[in-house]
Amino acid sequence: MVRFRRETVIGILLTSLPLLVAATGASLFFPGGGERLVTLFMINVIAVLGIGLYAGNSGIVSFGHVGFMAIGAYASGLLTINPIIEKTALPHLPEWLAGIGMPFLPALAVALLVVVAVAVLIGIPVARLGGSSASIATLGFLVIVHVVLVASSDFTRGSQTFFGIPRAVNLWLALPFAVAAIAIARIYRDSSAGLKLRASREDEIASIAVGVNVRLHRFIAWVIGAALAGTAGALLAHFLGAFSPKDFYFNLTFVLLAMLILGGITTVSGAVGGTAVIMVIVELLRKLEGGADFGVFSLPTVFGLTDIGIGVAILVVMYRLQDGLFGVRELDERLPWLKGFEARTSRLDSDGSGTPVTTAGTLRIENLGKSFSGLVALEKADFEITPGLVIGLIGPNGAGKSTLINSVSGVVPPSTGRVMIDGMDVASLPVHAVPVAGLARTFQNIRLFRNLTVLENVTVAASAFKREADPRERARRVLAEVGLEKFSDRLAGTLSYGAQRRLEIARALALEPRYLLLDEPAAGMNPAETQELMHVLDRIRTKYRLGLLVVEHDLKLIMRLCDRVVVLNKGQQIAIGSPAEVQSDPAVIEAYIGRRRTPKPAQPGPLEAAGLNPGAAGLHNPT
Ligand code: ADP
Ligand code: MG
């Protein structure tokens, strides 16, 4: 039932093509040595894609996938070794294993079951980790696998060579596996699950705020990646015929990671390209390593020349191109002529096509407080957000406005009080489920998925629910709503500042929230951009009957836009009421001007005197 997008299919074909060409070329012109090399290339591609599927999409470098290669190699090898050879090579093998002499493919299937079982077990704790702690955990896994293999000498001959494996793998068997690996990696990358994981790589907090279950998606990618690596291991075992545990250890990990990083860790084309480049470098240097005679001058034997060569290649590429040779976008995503294939979907008019959410209900903030190791950032905030109304949240810097939004949206768990949506306590939900319950937000410091396209940024949010067949369609509608549809294919990080702010709002809107919390949406915008933003906000709140909470320093804007205003000062909620009431509240004026009783001669309003946005009107002269 899975429908593949045309881009995905084109990408798979385009990335597989070099493999097909290499295989044909090798078997026609270089049978023997060339064929062997290209077969190894295919196997390496599968392994690199396995690492990349997890590492590239999650942003967590994995040292552990070579461990899965080892498990795949030994498990499949044990199943295919001829029982007669086994008697001499592994005399202590238990009865039930000793008699098996399976063909390669069923052995591969069984070995993959073993690999996946281990991946699931290890994946549960590893998926809870992020960043370098996750990387270290994967390194630990690699070491453990190695030690276990060496120690289980009854099964593996310990550190000695494990031999007698039928050489069942040749070029034409490896090729379809490599193409399948490319397809799996690309389909995953383009899938909703892959997109969500890539979003979490760009910004974990923002991804959770649009409903991404980061642990789940890390786990899925870990297991699929392990299965690919296990396949590569089994293929390698049946290509070489003999190997030992050290063949699946740091050296191989280093080479495979070099391939991935050199090509570009985040793309399938990068994995394939990087594998090719490193293999060429290794082949050339290996020839030189034993010394070479060029007639005029000769090179001495240089030990470790290939490793040095790989290291230098990585340094050079990283110095020039941080994202690797192929960058952060797939090859086909940058070819403009391929874009023509994509059905230019209707620029749906925003009328009637969106589903205005009209469910009644309120978001109650009850006695909410938050302290950071003694520092009370927020205390006893207590008010409601009602669909269709705009609440302004104002207060001097450090008053606790962002803390309030963070506590309400679950990013920072509140210390006291609670947040109720329709009588349901938000704290009872996992953080990534809060947006699905109807609450969306933006961040004071823009948190976009910078290396994803504008459309992908919004699509992540639009696919928080299962209910729409094509979340991209809804994402396009939302982009049109904020006037960003013409930038759909741009990387989010390349947008202008004002456009980035609008994109963050679009991303939040794609969640179809009932309550939308905006933390300084107009900060850093010029007056024209601010005007435009106000129009957008005004339109969406009536159309979708949104309950809006807006933090803003521009008081003129707050007074015009808001139905009610909440004032915070030093973590305390010091006033709440209509804009007019709040403006004349002595406590508010006091909070803003502090102890400075005499404004400067130029007659700035008291709020300006308190260092607020100079574009804003003072409390006494709103317009
Ligand atoms: P506002 O958004 O109104 O400018 P904030 O909510 O960002 O204010 O900050 C309120 C207070 O809480 C400040 O004193 C700030 O230093 C403190 N604070 C905010 N976040 C943290 C944090 N993660 N750890 C420690 N202190 C924090
Ligand atoms: Mg703030």
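For the stretch 144-173, name all the residues that are part of a helix (DSSP H, G or I), small (G, A, S) and touching a helix residue (DSSP H, G or I) at 6+ places or on another chain (Cβ under 7 Å). Hits for the stretch 144-173: nothing passes.
Please verify whether G241 is open to solvent by less than 30 Å² (accessible area, probe 1.4 Å), modelled with pLDDT under 95 and touching a Lys or Arg at 6+ places or on another chain (Cβ under 8 Å), treating the condition exactly as stated. When the stated conditions are applied, G241 passes them. With respect to P414, is the statement that it is within 16 Å of ligand 1 (Cβ to nearest atom), in contact with a helix residue (DSSP H, G or I) (Cβ under 8 Å, 6 or more places away or on another chain) and over 28 Å from E204 (Cα atoms) true? Answer is no for this residue.
Yes or no, residue by residue, for (1) assigned to a loop (DSSP other than H, G, I, E, B); (2) closer than 16 Å to T80 by Cα; (3) open to solvent by 10 Å² or more (accessible area, probe 1.4 Å); (4) not small (G, A, S):
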site	(1), (2), (3), (4)
R215	no, no, yes, yes
F219	no, no, yes, yes
W222	no, no, no, yes
G233	no, yes, no, no
L257	no, no, yes, yes
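Within 15 Å of ligand 1 (Cβ to nearest atom), assigned by TED's automatic domain parsing to the domain that holds I558, under 32 Å from the mean Cα position of the chain (by Cα) and not hydroxyl-bearing (S, T, Y): is that true of V419 in this structure? Spelling it out, it is not the case that V419 is within 15 Å of ligand 1 (Cβ to nearest atom), assigned by TED's automatic domain parsing to the domain that holds I558, under 32 Å from the mean Cα position of the chain (by Cα) and not hydroxyl-bearing (S, T, Y). Taken together, the residues in the stretch 516-531 that are modelled with pLDDT of 90 or more and more than 16 Å from ligand 2 (Cβ to nearest atom) amount to 1.
Suppose we keep only residues that are of a type in the set (A, V, I, L, M, F, W, C) and without any contact (Cβ under 8 Å) to a residue 12 or more places away in the chain within the stretch 60-119. Which one would you say is nearest to A237 (Cα to Cα)?
Step one: list which residues in the stretch 60-119 are of a type in the set (A, V, I, L, M, F, W, C), which gives 60-61, 63, 66, 68-71, 73, 75, 78-79, 81, 84-85, 89-90, 93, 96-98, 100, 102, 104-105, 107-119.
Pick out the ones that are also without any contact (Cβ under 8 Å) to a residue 12 or more places away in the chain and you get 84, 96, 105, 109, 113, 117.
Numbers: I84: 19, W96: 22, L105: 13, A109: 14, L113: 17, A117: 20 Å.
That would be L105.
So that you can scan it fast, the table gives a plain yes or no per residue for (1) within 16 Å of ligand 2 (Cβ to nearest atom); (2) among the charged types (D, E, K, R):
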{"position": "G388", "(1), (2)": "no, no"}
{"position": "K401", "(1), (2)": "yes, yes"}
{"position": "V408", "(1), (2)": "yes, no"}
{"position": "P430", "(1), (2)": "no, no"}
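Filter the stretch 1-17 down to the residues that are more than 15 Å from P176 (Cβ to Cβ) and assigned to a helix (DSSP H, G or I) and list them by number. Write out each step before concluding.
Step one: of the stretch 1-17, the residues more than 15 Å from P176 (Cβ to Cβ) are 1-11, 14.
R6, E7, T8, V9, I10, G11, L14 - these are the residues of the stretch 1-17 that are more than 15 Å from P176 (Cβ to Cβ) and assigned to a helix (DSSP H, G or I).
The single condition among (1) under 29 Å from H535 (Cα atoms); (2) within 13 Å of ligand 1 (Cβ to nearest atom) that I391 does not meet is (2).
Given the condition within 16 Å of the chain's Cα centre (by Cα) and assigned by TED's automatic domain parsing to the domain that holds S76, answer yes or no: does some residue in the stretch 226-237 qualify? Looking for residues that are within 16 Å of the chain's Cα centre (by Cα) and assigned by TED's automatic domain parsing to the domain that holds S76, one finds none in the stretch 226-237, hence no.
Return yes or no: is F449 surrounded by 19 or more Cβ atoms within 10 Å (Cβ to Cβ), within 16 Å of ligand 2 (Cβ to nearest atom), outside any helix (DSSP H, G or I) and within 25 Å of the chain's Cα centre (by Cα)? Working first, answer last.
Working: surrounded by 19 or more Cβ atoms within 10 Å (Cβ to Cβ): yes; within 16 Å of ligand 2 (Cβ to nearest atom): no; outside any helix (DSSP H, G or I): yes; within 25 Å of the chain's Cα centre (by Cα): yes.
Here the answer is no, as F449 does not meet what is asked.
Residue count for the stretch 480-501, restricted to those that are farther than 17 Å from N451 by Cα and among the charged types (D, E, K, R): 3.
The values are calculated or read from the model by the stated rules, or taken from the named source; none is laboratory data. Since we're looking at a predicted model, the values are computed, not measured. Cβ sites come from the backbone with ideal geometry, for glycine too, and all protein chains shown count toward neighbours. Surface accessibility is based on the protein's heavy atoms, side chains included, excluding ligands, DNA and RNA. Shrake-Rupley method; radii C 1.70, N 1.55, O 1.52, S 1.80 Å.
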